[in-house]
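Read the structure below first, then the notes.
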Amino acid sequence: MPICVKRRSSSAYVNAIDDAEEGETEPWYTTILKFKEAGEYPPSLDTRWKHAFRMLSTKFIKTNDGKLYKKTTQGVLLRCIDKPTAKKAMEEVHDSECGPYINAHMLVRKIIRIGYYWTTMETN
């Protein structure tokens, strides 16, 4: 019996969230934060994408001071940060003791240990 494999032209919404483009002032998590605050979906989402976005937003927690945190499977809260803050965090961890000798995977793990998160951690 043959297996039918379909290639999709667009990725899931969770994969479409990216760092801010040049000239944009809003961080990547703005749409999730707006949904948590007022229940507003991003424009141009159909019902299937709205369901996926709602499921994605359950992994995030908004605090009273307006900050967004991602909850890990172990229950640890990781603060969502924007691109400039992420670069600063990577530089600080990489410049620390034994920093130049660690690989990218361990660098990401160290950043998670200090409590930060952004969607493109592995690729950055």
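Descriptive notes on the structure:
- The phi torsions of region 65-75, fed into the Karplus equation with coefficients 6.51, -1.76 and 1.60 and a -60° offset, translate into couplings of 8, x, 8, 10, 10, 9, 8, 7, 5, 8, x Hz, rounded to whole numbers, with Gly and Pro shown as x.
- Cross-link partners for K110 among the lysines, with Cα-Cα distance under 20 Å and sequence neighbours closer than 8 places in the same chain left out: K70, K71, K83, K87, K88.
Only the coordinates and a few stated rules stand behind these numbers; no lab work does. From a predicted model like this one, the values you see are computed outputs, not experimental measurements.
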